[in-house]
Amino acid sequence: MRRKSSAFNQFCCHRRLILALIAVLSVPISGSANTSFDADRATAEGLVNTFVAATNALTDNFWGASFAGSEDQYYFYTSSQQANKKNEWWWQAHAMDVIIDAYRLTGGERYLQMYEQWYDGIVRFNYEHYDDDPWRNNSVDDTEWIAITLIRMYESSGNEKYLLQAQRLYDSYVITTWGPDDEAPWFGGISWEREPKPGRKMKNACSNGPGAIIAAGLARHSDVLSRNGRGRGRSEYEADLRKIFEWERKYLFNQETGAVYDNINLRRTSKHVLSYNTGTFLAMAMDLYALTHERHYLDDAILAADYTMCNLTDPATGLMNNVSWSMKGGDGGLFHGIFFRYFTRLLLCDDLPADIADRFRAFLSDNVKLAVKCLNPDVMIFSRNWLTESVGKNQPAPLTPHVTGCTLLAAQIEVTKQSKHAISDK
C-alpha cells in the first residue's frame with residue numbers, strides 16, 4: 001500500500017520551519033557589506049535583477065575565458081579568482097544550467113553565445129575522458145548530467161546538434177549499463193561506473209534518476225531524433241523511463257518515509273540520503289505523472305519532498321542554508337541546487353493540493369530570503385552557508401555553492417511567474 005506523509009509530520013515540519021526562520025532572519029551575517037541590501041533583494045520585484053547579477057558574477061568570476069590569457073578556456077573553474085582552474089566534468093553541467101536559465105529569462109545574446117563555447121570547451125579541457133571519445137567518462141552519472149544540460153540547450157535554442165549529442169551519450173554510455181535483470185543483488189538498474197574495479201560495482205540513485213530524466217527528454221523530442229535518423233523511438237524511451245523509476249522505487253525508495261537511499265553495492269544498501277537524489281526522484285515521478293496522470297506518481301513526489309524538508313534541512317533554521325557539507329565547496333555544494341530545480345517541477349503542477357502547494361512554496365521562498373541575506377552586493381557570490389558567512393571582495397570562493405544559489409533564485413522566478421506567488425516583503 002502506498003502511504004502518504006501524515007498530517008502530523010507535515011505540521012511538525014512546517015512549525016519548526018516557521019519558528020526557526022523567525023529567529024534566523026534577525027541574525028546578522030558575518031561579512032555582509034550592506035544589511036539593507038538583504039531586505040531589498042528579498043522582494044519579488046528585485047528577484048530577477050538579483051538573479052541576473054548573480055549569474056553575471058558566475059561568468060565574471062568562474063568562466064575561464066573571462067580572464068586575460070585564458071580567452072579560449074570555455075569552461076567553469078572550480079573556484080573564483082582563478083584559485084583553482086580544474087575542470088570538474090559534472091559541475092560544468094549545473095553551471096551551464098544557470099546560463100540556460102538566464103537565457104530563457106532574459107534572451108541575452110551573451111548567454112546564448114556561451115552555448116557553443118561551452119560545447120567546445122568542456123570537451124577540449126576534459127582531462128578524464130577516454131581517447132576514443134572525449135565525451136565519454138567512466139562515471140555514468142557525470143555523462144548523464146552533461147546529457148540533461150544538452151537537452152535543455154536544445155530546448156532553449158532549437159539547435160538540434162545538442163539533442164543529438166545527448167541521445168548518443170544516453171544510448172551509447174548510459175542505458176547500456178542497465179542490468180542484467182537476473183544479476184543479484186541489483187536485478188536491473190543503471191550502474192554508477194561503466195568499468196568498475198573488482199568488488200566496486202554498485203547501482204546508485206545518482207545514476208538512475210538522471211538516466212530517467214534523459215529518457216523522458218528523448219521521448220519528448222523523438223520526432224526530431226527520428227527526422228535525423230537517430231534514436232530508438234518514443235515508446236522505447238518511455239519504457240526506459242518507466243523501468244528506471246520502478247527499479248529505483250523498489251530498491252532505493254522508502255515507500256513509508258519518502259527517503260531516497262544512495263546505492264546498492266555488493267554487500268548492502270547504503271541508506272545515506274542526499275538531497276540531489278530526492279530531486280531526481282521527484283523529476284522522474286513528475287515526468288511519469290505528466291505522461292499518465294496516475295495519482296500515485298504525484299503522491300510519491302510529495303512524500304519524497306516532505307522527507308527532504310523535514311530531514312535534510314539545517315536543524316538551526318529548518319532550511320537548506322548549509323549548502324556544502326564539504327567546507328571546501330565540493331560536489332555536495334550542488335546537491336541542494338539540484339533538489340531545488342526539480343522541486344520546482346512539483347510546485348508547478350496544477351494538481352498539487354492547495355494546502356501542500358502553499359507549504360512547499362513557503363519553504364522555497366523562505367530559502368530564497370535567507371540565501372539573498374548572505375550576498376555581498378559588491379561580489380554577488382553565494383557562500384557555503386547562508387546563515388553564517390558572506391563572500392568578501394577578492395576572496396576566492398567555490399563554484400558549487402554559488403551555482404546552487406543561482407539555481408534557487410531561478411526556481412523561485414519560475415514559481416512566481418506561474419503562480420503569482422511573490423516573496424513577501426514582510
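The values are calculated or read from the model by the stated rules, or taken from the named source; none is laboratory data. This one's a predicted model, so the numbers in the text were calculated from it and none came from an experiment. Every residue, glycine as well, gets a Cβ built from its backbone with ideal geometry; the counts of neighbours run over all protein chains shown. Just the protein is used for accessible areas: all its heavy atoms, side chains included, with ligands, DNA and RNA removed. Shrake-Rupley method; radii C 1.70, N 1.55, O 1.52, S 1.80 Å.
Here's how it looks for TRP178: its modeled amide H is under 5 Å from those of SER191, which are all 5 or more places away or on a different chain. Figure note: LEU58, LEU291 ranked by solvent-accessible area, largest first, 1.4 Å probe, ligands and nucleic acids not counted: LEU291, LEU58.
Can you flag which of LYS203/LYS243; LYS161/LYS201; LYS161/LYS243; LYS161/LYS203; LYS85/LYS373 are past 21 Å Cα-Cα?
LYS161/LYS201; LYS161/LYS243; LYS161/LYS203; LYS85/LYS373
Seen from a random direction on average, the alpha-carbon convex hull of segment 187-282 projects onto 6.9 square nanometres. Semi-axis lengths, largest first, of the ellipsoid equivalent to segment 276-335 are 27, 14, 6 Å, with √(5λ) applied to each eigenvalue of the Cα gyration tensor. Which residue, chosen from VAL123, ASN49, TYR162, occupies the Cα position most advanced towards the positive end of the dipole of the chain, where the dipole is computed from +1 (Lys, Arg) and -1 (Asp, Glu) charges on Cβ about the Cα centre? Of the candidates, ASN49 comes out farthest on the positive side.
Note that segment 73-156 presents 35 Å² accessible area per residue, ligands and nucleic acids not counted, probe 1.4 Å.
How high is the relative contact order of the chain, in percent, with contacts defined as C-alpha pairs under 8 Å that are six or more residues apart?
Worked out over the chain, it gives 21 percent.
Averaged over its residues, segment 174-288 has an accessible area of 39 Å² per residue, based on protein heavy atoms and a 1.4 Å probe.
Sorted into 20 angstrom bins from 0, the C-alpha pair distances of the chain split as 27, 60, 13, 0 percent. The dipole here belongs to the chain: it is taken about the Cα centre, uses +1 on the Cβ of Lys and Arg and -1 on the Cβ of Asp and Glu, and is about 800 debye. Applying a length cut-off of 15 Å (Cα extent along the axis) and a mean Kyte-Doolittle floor of -0.5 to the DSSP H helices of the chain leaves 7-24, 44-62, 89-106, 140-157, 205-220, 275-292, 295-311, 335-347, 354-373, 399-419.
In plain terms, the C-alpha convex hull of segment 178-226 casts an average shadow of 4.2 nm² when viewed from every direction. Each peptide in 110-118, 164-172 gets a packing score, the mean of other Cβ atoms within 10 Å over its residues, and the list from highest to lowest is 164-172, 110-118. With Cα atoms defining each centre, segment 175-238 and segment 85-118 are spaced 25 Å apart in the structure.
Quickly rank 350-363, 233-246 as a protection proxy: mean count of other C-beta atoms within 10 Å, highest first. List each step's numbers first, then the result.
Details: 350-363: 15.0, 233-246: 18.9.
Listed from highest to lowest mean packing, they are 233-246, 350-363.
Solvent-accessible area assigned to carbon and sulfur over the chain amounts to 50 percent, based on a 1.4 Å probe.
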